[in-house]
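What follows is a set of notes on a single structure, which appears directly below.
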Amino acid sequence: MALASLLSYVFVQTLGLAIAFIAAAVLLYLILRHLHSRRVALLLVAIFVGISLFFYVPNGLPHGLSGSFITSYGPAGSPSLPFANVIKFFSHFNEFERVADIAKNPNDVPPPIARMATTTDHFDITAKEVIGELAPGVYQNYWTFGGTVPGPFLRVMQGDTVVVTFHNDASSLHPHTIDFHAVIGPGGGAGVLLAKPGETKTLTFKAMHAGLFIYHCANPDPAVHMAHGQYGMILVEPPGGLPKVDKEFYVVQGEFYTTGALGKKGLQIFDSDAFLEGKPQYIVFNGRTGALAGTGTMEAKVGQTVRIFFGNAGVNLISSFHVIGEIFDHVYDEGSLTSPPLTDIQTTLVPAGGATVVDFKLLEPGNYILVDHALARIDRGAWGVLHVTGPADPSIFSGALQPMAGH
Ligand SMILES: [Cu+2]
């Protein structure tokens with residue numbers, strides 16, 4: 001992550017070009033002044049400026065820069081980042097940790113709970129603002145729990161007492177906190193855990209309901225913090241747990257709002273206009289494009305049963321979760337583990353701030369693609385691949401597989 005490539009978008013694309021453009025105008029004036037009267041020179045410079053702005057503004061200036069002047073009506077004021085924090089961000093630019101891979105490994109799921117008696121679970125979570133790669137060459141200032149998106153998968157049993165020690169790293173520019181959807185109490189704990197940079201806070205709660213729950217930052221504008229990657233999930237297992245499966249995966253969908261168009265390289269600026277309109281540039285599984293695409297990331301074998309803990313952090317869109325070439329044997333609709341699961345489901349709706357649990361037995365080898373079946377979103381990054389190896393069964397599926405072709 002070279003400094004020059006990180007800053008290319010912000011400075012070259014916006015401020016750098018603006019400065020070069022003003023310098024060119026001044027230089028042009030000085031040259032023209034030798035050849036013409038002051039009036040004619042100024043007129044020619046004005047024409048140059050007009051033509052240049054006509055081409056530069058639509059192509060060069062991030063439209064979201066206007067977001068600094070947005071009026072809005074949320075309890076926390078404007079979704080724009082305070083200008084002082086933008087200045088602080090660049091003055092502390094080198095102190096932010098560069099994360100080589102922001103994506104949470106989808107295999108990073110704690111084992112099922114074997115006990116039947118309740119206990120006290122302790123979790124340490126640190127909020128950290130880092131710089132990571134959202135797409136190849138596209139960098140994002142992520143606000144995280146523990147340096148990955150999503151944050152850690154927490155697993156407890158219904159009736160357990162949960163003690164969360166929450167630390168906001170001293171390098172943070174913003175206060176952070178956690179609202180656990182598994183908590184009953186004001187703010188889901190957000191008012192208790194609210195920590196300024198460098199502070200540590202503790203919340204104790206009892207996991208009253210079984211289910212799969214989202215947790216997310218909630219201060220001062222929850223949605224802005226979530227649109228920077230600050231979310232994760234907590235599974236509250238009913239006593240006795242879930243039916244046994246061979247593999248469990250952890251996947252969370254999230255949106256990123258950048259002023260640069262899709263694929264524009266360099267460090268991106270948060271686009272509060274697009275955020276309010278609900279038009280993300282990137283829609284991804286586990287924090288970045290391609291996070292679940294690599295060989296070895298999601299692997300399983302024919303004959304195994306897999307379970308996916310799937311959450312939708314939003315902040316604006318509803319997800320239509322589907323696995324291409326599979327049918328979910330069971331869907332624990334809306335993450336409810338105490339209702340009987342739905343059976344034989346193709347696509348399941350996951351609301352913003354909601355979750356689902358699906359499982360299916362693998363019958364055929366091949367690549368199975370996880371998508372949000374609002375399928376244009378795969379072009380924004382919302383897909384992953386489950387690689388399945390093992391013997392084929394021609395009685396279930398046969399025919400010659402061809403490589404994917406373009407248009
Ligand atoms: Cu936060």
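Ranking of 43, 267, 401 by neighbouring Cβ atoms within 10 Å, starting from the fewest: 401, 43, 267. Debye-formula intensities of the chain, expressed as log10 I(q)/I(0) at q = 0.09, 0.10, 0.14 Å⁻¹, are -0.60, -0.72, -1.23 (one equal scatterer per alpha-carbon, no solvent).
What does the charge count near residue 230 come to, summing +1 for each Lys or Arg and -1 for each Asp or Glu among other residues with Cβ under 13 Å from its Cβ?
For residues surrounding residue 230, the net value is -3.
Neighbour counts of other Cβ atoms within 10 Å put 102, 22 in the fewest-to-most order 22, 102. For segment 227-318, a simple Cβ point-charge model (Lys and Arg +1, Asp and Glu -1, everything else neutral) yields a dipole of about 280 debye relative to the Cα centre.
Work out the count of Lys pairs in the chain where the Cα-Cα distance is under 12 Å, with the pair 8 or more places apart or on different chains.
5
Taking amide H as placed 1.01 Å from N in the peptide plane, residue 144 has its amide H under 5 Å from the amide H of 128, 129, 130, each at least 5 places away in sequence or on another chain. Which one, 328, 11, 83, has the greatest fluctuation when you compute a Gaussian network model over the chain with C-alpha springs under 10 angstrom? For the chain, modelled as a Gaussian network with Cα springs under 10 Å, the answer is 83. In the chain, a dipole from Cβ-located charges (positive for Lys and Arg, negative for Asp and Glu) runs towards its positive end, and of 232, 136, 154 it is 136 whose Cα lies farthest in that direction. Between the helical axis of 17-35 and the longest alpha-carbon principal axis of the chain there is an angle of about 10 degrees. Annotation: segment 247-389 has a Kirkwood hydrodynamic radius of 15.6 angstrom, from the mean reciprocal C-alpha pair distance.
Only Lys, Arg, Asp and Glu carry charge here, each on its Cβ (+1 for the first two, -1 for the last two); on that basis the chain has a dipole of about 1380 debye about its Cα centre.
Approximating the spin labels as points 7 Å out from Cα along Cα→Cβ, the residue 124-to-residue 87 distance works out to 3.6 nm. Only DSSP H runs of four or more residues enter the estimate; each adds -39500 (n - 2.57), and after division by the residues of the chain the mean residue ellipticity at 222 nm equals -5000 deg cm²/dmol. Other residues whose C-beta falls under 13 angstrom from the C-beta of residue 101 contribute a net charge of 0, scoring Lys and Arg +1 and Asp and Glu -1. Annotation: amide H-H contacts under 5 Å for residue 249 (H modelled 1.01 Å from N, sequence separation of 5 or more, or interchain): 307, 308, 309.
Positive end of the dipole of the chain (Cβ unit charges, origin at the Cα centre): among 31, 87, 385, the Cα lying farthest that way belongs to 31. For residue 30 and residue 246, the difference between the fully extended length at 0.36 nm per residue and the C-alpha to C-alpha distance is 70.3 nm. Computed across segment 327-380, the Kirkwood radius stands at 12.5 Å (inverse of mean 1/r, all Cα pairs).
Measuring how big segment 154-197 is from its alpha-carbon positions, Rg and Dmax come out at 11.9, 36 Å.
Considering only 181, 292, 398, and ranking their Cα positions along the charge dipole of the chain that arises from unit charges at the beta-carbon of Lys, Arg, Asp and Glu, the one farthest toward the positive end is 292.
A short reminder: the numbers here are calculations on the coordinates, not readings from a lab. Every value quoted in this text rests on a predicted model; they were computed, and no experiment measured them. FYI the Cβ positions are ideal-geometry reconstructions off the backbone, even for glycines, and counts take in every protein chain you see.
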